Number of protein chains: 2
Amino acid sequence: MKKRTTLKELAKELDVSISTVSKALKNSPEISQDTIDKVKAFAKLLNYRPNNIALSLKNKKTKTIGIIIPDIVHHFFTKVIKGVENYANAKGYNVIVGLSNESFSNEVINMEMLANGSIDGFIVSMSRETMQHQDYQHFNETLNEGIPLVMFDRIVNEIPCDKVAVDDTKGAQMAVKTLLNKGAKKIALITTKDYVSVGRLRTKGYIEALNANGITPIPELILKIDDDLLYEDSLENLESQIKMLFAQHHDVDGIFAVNELYAVVAMKVAKSLGISIPEQLQVIGFTDGMLSKHASPSLSTVSQHGESMGQKAAELLIQRIDEYTSEKPPQPFNSVIITTDLILRESTK
Amino acid sequence: MKKRTTLKELAKELDVSISTVSKALKNSPEISQDTIDKVKAFAKLLNYRPNNIALSLKNKKTKTIGIIIPDIVHHFFTKVIKGVENYANAKGYNVIVGLSNESFSNEVINMEMLANGSIDGFIVSMSRETMQHQDYQHFNETLNEGIPLVMFDRIVNEIPCDKVAVDDTKGAQMAVKTLLNKGAKKIALITTKDYVSVGRLRTKGYIEALNANGITPIPELILKIDDDLLYEDSLENLESQIKMLFAQHHDVDGIFAVNELYAVVAMKVAKSLGISIPEQLQVIGFTDGMLSKHASPSLSTVSQHGESMGQKAAELLIQRIDEYTSEKPPQPFNSVIITTDLILRESTK
DNA sequence: TAATACTACTACAACGTTTTCGTGTTGATA
DNA sequence: TATCAACACGAAAACGTTGTAGTAGTATTA
């Protein structure tokens, strides 16, 4: 196990100064071609590679961005990470991932752990708890310290930063409108509690689409699921609520769910009750993940283009980092909307 | 936008030396309580936090580990990351993610990008291309530079390092044995090409289980899928191969697939052919992901415990990092096997 | 009262770079 | 033969820390 080669070592061996070595490796015109060749050859021999940490310290930039997400076992976030990685890597940046596990304190701790010089900027999707508490102090502190921040998906207006989101309302509208067009008369909604911004916005889209078609939304058809503990385990609660819905409203012939899991579970319950899809019941979900694609019947869904979101977020962030370091006049903050697409599969007629 | 506070600034304002400030913040007995209190109060006021990069440079350790995986849009890897993150964070480490996208050169580039001082160690699952080329030079170089490395899941004996893997062969054996016990007589296998180590090992388990029960494996029943381009898109190839299998062997009553996607697709094809599951055909997959849980019928599967793998890998790596820095006598390399569990659901009787 | 021992600090080197500002040697010019 | 570029290189500061090795000034001891 050898130690890493440093400029100092090269200098000593070649009997020149550190400066000379450094300049030679950068093809400085100050250095004779002879020396350049010698230094380079020797550097190659010893497999010299500049120490990134030293460079970070000197340049005051780490070429690393931090992405903080609530959950990594989740197709959508995974796609976003992929988009971020792709763009960031192409720009010479590394990506460091922090998981909040939907917990406020984890989010804060994670950000503090990184905001000590380890990263040049953040890409964040808030934890559920943060949305609930509406405590955005850690974001503002980060911004005050001069660390740029881009929020995505779960965004909130109070924070002055760049944002990337999906047109949740419009996507939901489109989905519900499509169900109506395909003949559904009584459409139920399975959504989250209102503090989840995306759930709230998609609910809004659902209601607007109904209103636009002269249908008065029926509160009983709107299931607001509290998925505090849900996610991986204990879907029973969800299943039983859906069962009750079907029991009380046997004429429901359309379901719009704000994520693919809810939609798939709804289909499962429906099938177990002998309801045929899409003949008797049409279903559309949100987020185009593995589940939608491989469910049976496969699920029509609103695609969020997570990878594009990640790319855009990374682009905005790196742009902002450049702006900060170049002391350019600050640009106004961007709010980019990634448009959704409706992907029709077997769960709709 | 303020700049970050440094020791120097604190020192100047308080009219003491930098050393005094540094020591005061660390409660050094060299410093009077009076000064300590003053320094701390002022530091809090200015929201001082030590610069991590400077510390990394000084201590020659970054408290960061790099994890290189072939694909992040994949439940298993995602679970592993979660496990790594949890353990690493608890130990004060950050996790930086590199994606190879199953490409050899991406893997090499990614590792080189990080092996310049940015990280203290690697956790790696090889790309498919790397397995194919059998070119492990970049791993060995990394090790030679004194950067510890832990491989997981897709491992290979040639590399002298710690390893964490699943008992692929045994897990497959168990699955096939279970199918046999549940009455299956003619069991097909859907696996990968042999250069994928886990596919090869699971195939081995399949064959051994059959042999142990006095059944001679039939080559035609073994589908070796070339998923070079597959994954996200173009499942048609896979579907048509499975269709052909059923056409030629209508009496197949069991399927073991080396991942959940293959299993789910197999079920889909079977259902489309009017084959009932689990009555006429029983199916078991590998990897307990979202698909298995929410497929219909839900899929019996061999659970890999990705999170445990990640935890264990992180544990081994951090242990090794500590060993390297403390100049302790080197311990022999560990090869940890995470045992699999068979989770029985609706796709088996 | 001089030697000694604390106390409470400060100076400085070091980690590995880059970069600015010298500086000594050539060769050409007046 | 002085003067001055041009050339090729070196010294040193800087990035923000930490820790070792001083060093004043005061208090204790012989």
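Answer yes if at least one residue in region B:182-204 is farther than 21 Å from B:GLU102 by Cα, under 27 Å from the mean Cα position of the chain (by Cα) and basic (Lys, Arg), and no otherwise.
Of all residues in region B:182-204, those farther than 21 Å from B:GLU102 by Cα come to B:182-189, B:203-204.
Still in the list and also under 27 Å from the mean Cα position of the chain (by Cα): B:189, B:203-204.
Adding the requirement that they be basic (Lys, Arg) leaves B:204.
Yes; the residues of region B:182-204 include at least one that is farther than 21 Å from B:GLU102 by Cα, under 27 Å from the mean Cα position of the chain (by Cα) and basic (Lys, Arg).
Taken together, the residues in region A:16-43 that are within 7 Å of DNA strand C (Cβ to nearest atom), buried (at least 17 other Cβ atoms within 10 Å of the Cβ) and within 24 Å of B:GLU145 (Cα to Cα) amount to 1.
Search region A:44-60 for residues being assigned to a loop (DSSP other than H, G, I, E, B) and surrounded by fewer than 19 Cβ atoms within 10 Å (Cβ to Cβ), and hand back the single one that is nearest to DNA strand D (Cβ to nearest atom). Spell out the reasoning first.
To start, the set of residues in region A:44-60 that are assigned to a loop (DSSP other than H, G, I, E, B) comprises A:46-51, A:60.
From what is left, the residues that are surrounded by fewer than 19 Cβ atoms within 10 Å (Cβ to Cβ) are A:46-47, A:49-50, A:60.
Values: A:LEU46: 18, A:ASN47: 22, A:ARG49: 18, A:PRO50: 13, A:LYS60: 6 Å.
Taking the candidates together, the pick is A:LYS60.
Residue-level check: of (1) in contact with a Leu (Cβ under 9 Å, 6 or more places away or on another chain); (2) open to solvent by less than 20 Å² (accessible area, probe 1.4 Å), A:THR216 misses just (2). Does B:LYS63 count as surrounded by fewer than 21 Cβ atoms within 10 Å (Cβ to Cβ), at the interface with another protein chain (Cβ under 10 Å from one of its Cβ atoms) and not acidic (Asp, Glu)? The answer is yes for B:LYS63.
Looking only at region A:93-120, how many residues end up being on the phi > 0 side of the Ramachandran plot, out of contact with any Lys or Arg (no Cβ under 6 Å at 6 or more places or on another chain) and not polar (S, T, N, Q)? Working first, answer last.
Let us first name the residues in region A:93-120 that are on the phi > 0 side of the Ramachandran plot, namely A:101-102, A:117.
Imposing the further condition that a residue be out of contact with any Lys or Arg (no Cβ under 6 Å at 6 or more places or on another chain) reduces the set to A:101, A:117.
Okay, now just the ones that are also not polar (S, T, N, Q), so A:117.
Matching residues across region A:93-120 total 1.
Screening region B:230-298 for helices (runs of 4 or more DSSP H) wholly inside it with 3 or more residues that are within 12 Å of chain A (Cβ to nearest Cβ) returns the ranges B:260-272, B:290-294. Filter region A:5-15 for residues that are charged (D, E, K, R) and either open to solvent by less than 70 Å² (accessible area, probe 1.4 Å) or near DNA strand D (Cβ under 10 Å from one of its atoms) (or both) and give the result. Scanning region A:5-15 gives a single hit, A:ASP15.
Could you check region B:109-187 for strands (runs of 3 or more DSSP E) lying wholly inside it with 3 or more residues that are touching a strand residue (DSSP E or B) at 6+ places or on another chain (Cβ under 8 Å), within 14 Å of chain A (Cβ to nearest Cβ) and away from DNA strand D (no atom under 16 Å from the Cβ)?
Working: elements: B:121-124, B:149-152, B:162-166.
Of the strands (runs of 3 or more DSSP E) lying wholly inside region B:109-187, those with at least 3 residues that are touching a strand residue (DSSP E or B) at 6+ places or on another chain (Cβ under 8 Å), within 14 Å of chain A (Cβ to nearest Cβ) and away from DNA strand D (no atom under 16 Å from the Cβ) span B:121-124.
Note on region A:277-302: residues that are open to solvent by 10 Å² or more (accessible area, probe 1.4 Å), among the hydroxyl-bearing types (Ser, Thr, Tyr) and within 20 Å of the chain's Cα centre (by Cα) amount to 1.
Answer yes or no as to whether B:ALA24 is more than 9 Å from chain A (Cβ to nearest Cβ), free of Cβ contacts under 8 Å to residues at least 60 places away in the same chain and more than 9 Å from DNA strand D (Cβ to nearest atom).
Details: more than 9 Å from chain A (Cβ to nearest Cβ): yes; free of Cβ contacts under 8 Å to residues at least 60 places away in the same chain: yes; more than 9 Å from DNA strand D (Cβ to nearest atom): yes.
Criteria met by B:ALA24.
Here B:GLY98 passes the criteria (1) more than 11 Å from chain A (Cβ to nearest Cβ); (2) part of a strand (DSSP E or B); (3) under 16 Å from A:ILE72 (Cβ atoms) except the one numbered (1). Does any residue of region A:61-76 turn out to be farther than 23 Å from A:ARG154 by Cα, within 10 Å of DNA strand D (Cβ to nearest atom), touching an Asp or Glu at 6+ places or on another chain (Cβ under 7 Å) and at pLDDT 95 or above? Checked region A:61-76: no residue is farther than 23 Å from A:ARG154 by Cα, within 10 Å of DNA strand D (Cβ to nearest atom), touching an Asp or Glu at 6+ places or on another chain (Cβ under 7 Å) and at pLDDT 95 or above.
The values are calculated or read from the model by the stated rules, or taken from the named source; none is laboratory data. What you see is a predicted model; the values in this text were computed from it and never measured. As a convention, Cβ positions derive from the backbone with ideal geometry for all residues, glycine included, and neighbour counts pool all protein chains shown. Protein only, heavy atoms only, side chains kept; ligands, DNA and RNA dropped before computing areas. Shrake-Rupley method; radii C 1.70, N 1.55, O 1.52, S 1.80 Å.
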